[in-house]
Every structure is written in C-alpha cells, then in structure tokens.
Amino acid sequence: MPLSRLNAEQYAAATSNDAQNLIIASAGTGKTSTIVGRIAHLLGKGVAPQEILLLTFTNKAAAEMVARVAEYFGKDVAGKIDAGTFHAVSYRWLKKRDRKVVLKQQRELKTLFRSVYEKRSFMHIEAEVQPYGGNYLYDLYSFYQNTELTQDFESWVVENYEEHEVFALIYADVVDEFEKLKAEYGFLNFNDLLLHFREMCQTQDLGYKEVLVDEYQDTNALQGTLIDAMDPPSLFCVGDYDQSIYAFNGADINIIGSFTKKYPSAKVHTLTKNYRSSKPILSLATKVIEHNERIYPKQLEVTRNFDAQAPKLIAFDELFDQYHAIAAMIRDSATPREEIAVIFRNNSSADGIEVGLRELGIACKRKGGTSFFDAREVKAVLDLYTLLINESDMMAFIHIFEFARGIGSAVAKELYIALKALGHSKLFYGLYAPDESMKNPFEKRKLNTQLGLFDDFIELGSVGKYAKLGFEAKFMKNPILKHPKLTKESATFLHNFYLLYRDLKGIKQPKTIVRKIAASPFFAYIEDVLCTKRATLKDGSIDEKQKTEAHTRIKRKMMLLEELSRPYSDHERFLNAMILGSSDLTQGEGVNLLSVHASKGLEYKEVYVVDLMDGRFPNRKLMQRGGSLDEERRLFYVAVTRAKDILYLSYARYDKIKKQNFVASQFLYEAGMVAKDEAYRKMVLSEMDEE
C-alpha cells in the first residue's frame with residue numbers, strides 16, 4: 001500500500017486528522033508520494049473516490065498521481081477521483097451544466113479584444129504617455145482578473161497606473177464591450193472558467209469531502225477564492241514557498257505564507273528528507289535560497305549519501321563560446337541524452353544551445369520557449385477545424401482572416417457579422433446561400449467621442465474588380481464582396497475559404513480533416529505568408545533557402561498534428577485535448593532544453609544552468625517590470641534542484657555581437673562559486689537603492 005512506503009514525516013501528513021493541513025514539501029522530498037498516500041488513507045477510511053478533488057498545476061501531474069492510486073485500488077476506483085488543473089476541473093463542471101460552453105485560449109480571445117480595441121481612437125486626449133496597445137491592455141486585464149477581488153477595472157487602472165487615468169474610461173469600455181461579445185457567443189477563457197465555477201461553488205455543494213491542492217505556492221487570488229467558495233470539510237495543501245515562481249501570472253506567495261493565519265487550527269507538516277539531489281548540490285541551493293526571508297523554518301536532510309561530484313562553475317570569455325563548449329561537453333558525456341537538461345532563464349539562451357547541439361548532430365527537445373501548439377500554422381489549422389464544428393465561433397474566424405493581407409481583426413469581425421446577417425444567424429448559410437435581398441449587411445458603427453468611437457461606416461465597394469479572378473458565379477453574387485476594404489487578394493482568400501469548407505462538409509474523422517486542411521490552397525496561402533515573413537531579412541529581401549526550410553518545418557508540423565489526431569474519432573474530444581492538454585505534450589527526443597518554469601517538477605541526472613550573468617539571471621528587466629530579486633532567486637533554486645548527481649553552472653564575460661561586457665550573476669557570489677569583489681558590492685548597493 002502507498003502508506004507503507006512513506007517515511008515518518010510523510011506518513012504523519014498523509015494520515016492527519018486535522019481539518020486543514022499545509023505540507024511544506026521542498027524539492028525532492030516526495031510530495032507526490034505523500035499526496036498519493038493521503039488519497040489512499042482517505043479511501044481506506046471509507047471516503048468515496050468521487051468525494052475527493054485533486055487540484056494540480058498540470059493535467060499530466062494529475063494523471064500520474066491517479067495512475068499511482070490505480071496501482072493499488074484499480075482503475076475503476078482511481079478513475080472516479082476528480083483530478084486535474086483548476087481550469088480542467090472547472091471546465092468539466094461547467095460542461096455538465098451547459099454543453100454549449102466554448103473554451104478559448106488566451107491568444108484567441110486576445111484577437112477578439114483587438115477587434116474591439118482597434119475601433120477606438122485616443123487622438124482627442126492630451127497625455128504625457130501613450131495609451132496601452134491592444135495586446136498589452138488585454139494582458140493587463142487578464143492580470144486584473146487573476147489578482148483583484150473587489151475593484152472594477154477602471155478604478156483599478158486609476159489606482160495602479162496613475163499616468164493612464166485619462167484613458168481609463170476608454171479602457172473600461174473596451175473591456176465591457178469585449179465581455180458582452182464573449183457572452184453573446186458563449187466564449188470563455190481560462191480566467192472565465194474559474195470565475196463561473198466559483199459562482200457555481202457559491203450556490204451549490206459539489207459533494208467533496210476533501211480537496212487536495214498541489215503546488216499551493218503557485219495559486220493566485222482568483223484560485224484562492226475558488227478554494228474558499230468550495231469550503232470543503234477537509235483541505236490538504238502541498239507546496240514550497242521557495243519554489244513560488246509564477247508571480248508574473250498572478251501567483252501570490254502570501255497565500256501559502258498566510259495559511260496559518262487564515263486557518264488558525266491548521267497543522268503544518270514539513271518534509272525534510274531530500275531523495276533527489278546529492279549533498280553538494282543541495283548545499284549550494286540552500287546557501288542561495290536562505291538569502292530570502294524564511295516563512296516556515298526548514299532544514300533539509302540528504303538521503304543519498306555517496307561520493308558526489310561538487311557543482312562546477314564554467315566561465316567563458318565569449319557568449320557563443322559558452323554554447324558551443326556546453327554542446328561539446330554534452331557530446332562527450334556518458335550520461336544518457338534523455339537524462340541531461342539544459343535550463344535557461346531567457347529564450348535567446350536556448351537558441352544558442354540548440355544551434356550548438358544541432359551542429360554536432362545531437363538530438364534535443366525544447367519546452368518553455370515557443371511550443372508546437374504556439375506555432376501560428378498549428379493554431380491556424382485548429383482554428384479552421386474549430387469553425388467547422390462550431391460556426392458561431394467568431395474568434396476562430398477573426399484569427400483566420402487576419403492572415404489575409406489588408407484585413408485586421410476589426411475588418412475580420414465585420415465580415416463575420418455580415419455573413420451571419422446574410423445567413424440569418426448562420427455563418428455558412430451566409431457564405432453559401434446568402435440573402436441577396438440584403439443590400440448592406442454591414443453593421444453601422446456607433447459614435448461616442450468620449451469613448452474614442454469616431455468613424456462611421458463608409459460607402460460600399462464595387463464587385464466588378466473581381467470579374468476576371470475566376471470566382472464561382474454563385475460566390476460572385478454574395479453581398480459580402482461589397483465590403484470596401486476587400487482587395488483582389490483578400491477576396492481570393494475569402495473564395496478559397498468558401499471552397500475549403502465545401503470540401504470539408506460531412507467528413508467524420510479528425511485525421512482526414514487535418515490532412516485536407518493542410519493540403520488545401522487556402523492553407524497554402526497561410527503557409528506562404530508565414531514562410532515569407534520568417535525568411536525576410538532586415539533589408540527587406542527574401543532568403544529563399546530560409547523560406548524553403550520554413551516550408552519544410554511547417555510540413556513536418558502538419559504531419560505531427562495529423563499523428564496527434566489519429567487516436568480520436570470525435571471532433572470535440574480532439575479539439576478539447578488540443579486546447580486543454582497542449583501545454584503538457586512534448587515532442588522529440590534527446591537532450592532536454594527547458595526554461596526554468598518548464599523544468600518545475602522534473603529531475604535529471606546531469607543539469608546545465610546557463611547564462612548566469614547579472615542582468616540575464618537574475619533578469620533585471622523583468623525585475624523592473626514588477627518582478628523581484630526574491631522571485632529570481634527562487635527561480636535559481638528551482639533550476640539547480642532539478643539536478644540529481646551532476647550540476648554545471650556557466651556564464652560568459654562578453655557578447656561580441658552586442659559588444660556587451662558581463663559580470664557573474666549575484667547568485668554565483670551567494671553560492672560561494674565566485675569570490676565577492678567590487679562587482680558584487682555594486683550589485684548589492686544597486687539593490688539597496690532600488691528598495
């Protein structure tokens with residue numbers, strides 16, 4: 001049984017009879033075993049599996065824990081445990097209540113947000129600062145949703161960004177219109193899932209006897225209020241304040257820090273035995289992290305006693321010398337490639353390492369930079385697929401039509417609304433069987449100077465310019481072609497869209513849909529736009545070799561997407577897997593290239609933490625934008641504690657391309673790897689000045 005494998009500290013936590021428990025589980029102390037042991041204890045006491053809720057940071061972590069429970073209690077029992085991320089669990093409950101829930105990723109709704117924002121003008125307002133752009137304002141609003149519990153958005157902007165007070169009313173109206181559009185089309189983003197689920201929890205008992213929360217240190221204010229709304233009879237939270245690294249996403253370390261104030265009768269358990277890292281590695285990590293304020297006291301004990309290799313510092317005169325040398329070290333290492341990780345703070349670091357490994361023919365996989373699912377070509381196929389099964393998905397339409405030259409998100413939204421009008425609320429009726437008696441299907445724009453709304457709709461254009469383009473006669477009669485901002489190129493894009501969906505109608509298999517989209521003239525246009533952009537040099541010329549390589553990479557991605565679709569026979573299941581589970585999927589084999597955030601929860605025999613120069617790690621720019629040295633130090637702690645046996649820390653003194661000199665990271669001084677000198681004294685004084 002899982003409980004028999006626990007040490008005394010883990011067992012005490014797993015079998016606690018207290019109503020609220022906080023388990024401080026430092027890196028490598030067996031938090032997963034403790035959580036699985038707790039679930040086993042609950043089941044043994046007679047708690048039904050469906051009365052247990054396990055909230056994790058990734059769906060992959062939830063699946064692994066449930067699988068371990070299944071080893072002892074069987075799949076039937078383990079499968080009834082409600083487990084997953086906050087968002088996945090919220091989505092399942094909301095789907096039970098309303099099958100029409102349409103989940104959208106942040107980047108998709110950002111496009112919708114821009115379509116509202118682009119109708120605004122700030123030219124009539126005199127201010128010392130420029131208004132925020134549409135993308136940044138969306139991110140700001142998302143941060144607001146995750147962190148603010150009482151104020152409306154306008155008041156929050158005024159309080160936190162005083163210089164933008166003159167724009168706050170327009171910002172708030174953009175947000176209001178955006179929310180109305182989302183409600184009209186049934187769109188929910190990840191924040192909305194939690195907000196709607198919280199409302200559900202406040203009005204009904206979901207039947208949970210115990211809620212377990214993994215990675216508790218990374219919960220944000222919104223997630224915290226969701227747990228409060230559940231108000232379970234028993235709460236079991238597992239985390240480590242030294243690994244709280246998601247402040248940029250709204251995570252609030254004070255939630256774990258104030259647990260005993262919120263629950264005065266709570267029991268705090270501390271797991272002190274480290275089963276992962278060697279003594280020298282753990283000693284280095286501890287020496288650095290102790291510079292942060294200690295919220296809960298702890299003293300880790302190493303269990304792997306062997307003649308371990310001390311962490312090594314490797315310094316280089318030039319930045320790219322570092323990348324090539326590390327690639328060579330990996331080539332000569334006896335450690336299996338899959339057991340090696342290169343951990344980076346900035347994407348540019350990963351680019352250099354990846355190039356170095358590729359040159360030596362060493363396979364590698366990268367997570368934490370631009371992922372497979374973030375590639376615009378993959379997003380385009382999934383948007384096209386989404387629209388096929390849900391023609392009310394305005395977001396997918398807008399995102400697709402932004403590829404057409406000359407069409408932005410605002411015009412794309414106008415085309416979508418017009419097609420719906422022509423089809424009497426049905427998009428594809430508007431495309432294939434439009435109401436031709438409707439001479440002007442385009443909506444009139446409202447005017448409101450105070451809210452930045454100025455331009456009224458301009459006159460309709462002529463369709464005569466498309467006469468020689470070979471469009472189908474039926475398509476040529478569609479009033480949609482009268483939009484004045486359509487050009488011959490964008491009208492051809494619309495015609496190819498028309499042809500594609502006619503071919504896709506009635507196809508049942510996801511793999512066939514993916515294949516047909518990828519092979520269509522419509523997608524060929526999108527592919528060419530992307531490849532041309534990726535091959536455009538600074539002087540505006542096109543590097544044909546780069547363009548050919550870009551086409552090859554897209555073809556490979558399409559093959560991989562088709563492979564991912566093969567196990568599915570249901571359209572919705574496939575798309576939901578791509579949306580909710582994409583961040584957990586990795587591709588390729590070989591050496592692991594990981595951002596610090598992506599490395600969380602993982603472990604490797606041999607680890608390289610690169611570019612440990614002041615400014616890069618810690619990242620001073622991000623610190624100035626709301627980060628902190630404490631958070632950067634926690635990132636360093638997470639990075640080095642991924643290593644089990646071998647740890648290399650590296651930095652360079654000079655970048656010949658930028659002609660920039662570097663000094664060693666403050667963390668190398670704190671670790672005792674570099675002797676404290678004048679450079680260190682200046683860094684410390686600089687921090688004191690900032691404070």
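The values are calculated or read from the model by the stated rules, or taken from the named source; none is laboratory data. These numbers were taken from a predicted model, which means no experiment stands behind them. Glycine gets a Cβ as well: all are built from the backbone with ideal geometry, and neighbour counts include every protein chain shown. With ligands, DNA and RNA removed, areas are computed over all heavy atoms of the protein, side chains included. Shrake-Rupley method; radii C 1.70, N 1.55, O 1.52, S 1.80 Å.
Quick notes on this one:
- The residues on offer are Gln202, Gln217, and the sole one that is surrounded by 17 or more Cβ atoms within 10 Å (Cβ to Cβ) and closer than 28 Å to Gly257 by Cβ is Gln217.
- Subset of the stretch 642-691 (residues that are modelled with pLDDT under 80, open to solvent by 50 Å² or more (accessible area, probe 1.4 Å) and either assigned to a strand (DSSP E or B) or among the aliphatic types (A, V, I, L, M) (or both)): Ile657, Leu685, Met688
- The stretch 282-389 holds strands (runs of 3 or more DSSP E) entirely within its bounds, and those carrying 1 or more residues that are open to solvent by 20 Å² or more (accessible area, probe 1.4 Å) and under 25 Å from Arg553 (Cα atoms) map to 364-367.
- Residue pairs meeting the criteria (Cβ under 9 Å; at least 6 apart or on separate chains; first among the polar types (S, T, N, Q), in the stretch 588-607; second surrounded by fewer than 16 Cβ atoms within 10 Å (Cβ to Cβ) and not in a strand (DSSP E or B)): Asn592/Glu338; Asn592/Thr586; Asn592/Leu602; Ser595/Asn347
- Test: residue in the stretch 60-72 that is small (Gly, Ala, Ser), surrounded by fewer than 19 Cβ atoms within 10 Å (Cβ to Cβ) and within 26 Å of the chain's Cα centre (by Cα): yes
- For the stretch 481-517, the set of residues classified as without any contact (Cβ under 8 Å) to a residue 60 or more places away in the chain, surrounded by 14 or more Cβ atoms within 10 Å (Cβ to Cβ) and outside any loop (DSSP other than H, G, I, E, B) consists of Leu481, Lys482, Ala491, Thr492, His495, Asn496, Leu499, Lys511, Arg515, Lys516, listed by residue number.
- Some residue of the stretch 104-117 being outside any helix (DSSP H, G or I) and in contact with a Ser or Thr (Cβ under 8 Å, 6 or more places away or on another chain): no
- His87 within 30 Å of Gln50 (Cα to Cα) and either open to solvent by 30 Å² or more (accessible area, probe 1.4 Å) or small (Gly, Ala, Ser) (or both): yes
- Top-ranked residue in the stretch 589-604 [being part of a strand (DSSP E or B) and under 22 Å from the mean Cα position of the chain (by Cα); ranked as surrounded by the most Cβ atoms within 10 Å (Cβ to Cβ)]: Leu593
- Residue match in the stretch 580-591 (condition: within 23 Å of Phe316 (Cβ to Cβ) and at pLDDT 75 or above): yes
- Candidate set from the stretch 605-640 (those that are part of a strand (DSSP E or B), under 23 Å from the mean Cα position of the chain (by Cα) and of a type outside the set (S, T, N, Q)); member that is modelled with the highest pLDDT: Val609
- Among the residues of the stretch 19-53, those identified as touching a strand residue (DSSP E or B) at 6+ places or on another chain (Cβ under 9 Å), within 22 Å of Lys644 (Cβ to Cβ) and not polar (S, T, N, Q) are Ile24, Ala25, Ala27, Gly28, Gly30, Lys31, Ile35.
Here's the yes/no breakdown for (1) within 29 Å of the chain's Cα centre (by Cα); (2) open to solvent by 30 Å² or more (accessible area, probe 1.4 Å):
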residue	(1), (2)
Leu3	no, yes
Gln20	no, yes
Ile23	yes, no
Ala27	yes, no
Thr32	yes, yes
Arg38	no, no
Gly44	no, yes
Ala48	no, no
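- Of all residues making up the stretch 92-107, the number that are open to solvent by 10 Å² or more (accessible area, probe 1.4 Å) and within 30 Å of Ala410 (Cβ to Cβ): 8
- Matching option when the condition is farther than 30 Å from Leu382 by Cβ, β-branched (Val, Ile, Thr) and more than 18 Å from the chain's Cα centre (by Cα), among Val102, Val116, Val174, Val158: Val158
- Any pair with Cβ under 6 angstrom, 6 or more apart, that starts in the stretch 128-151 at a residue that is in a loop (DSSP other than H, G, I, E, B) and ends at one that is not polar (S, T, N, Q): Val129/Glu163; Pro131/Phe122; Pro131/Phe167; Glu148/Trp156; Leu149/Ala221
- Contact map, the stretch 185-201: residues that are over 12 Å from Gln223 (Cα atoms) and of a type in the set (Ser, Thr, Tyr) paired with residues that are open to solvent by less than 10 Å² (accessible area, probe 1.4 Å) and modelled with pLDDT under 90, Cβ distance under 9 Å, separation 6+ or inter-chain. Pairs shown: Tyr185/Leu112; Tyr185/Asp393; Tyr185/Met394; Tyr185/Met395.
- Residue in the stretch 220-234 that is surrounded by 23 or more Cβ atoms within 10 Å (Cβ to Cβ), within 18 Å of Ile24 (Cα to Cα) and in contact with a strand residue (DSSP E or B) (Cβ under 9 Å, 6 or more places away or on another chain) present: no
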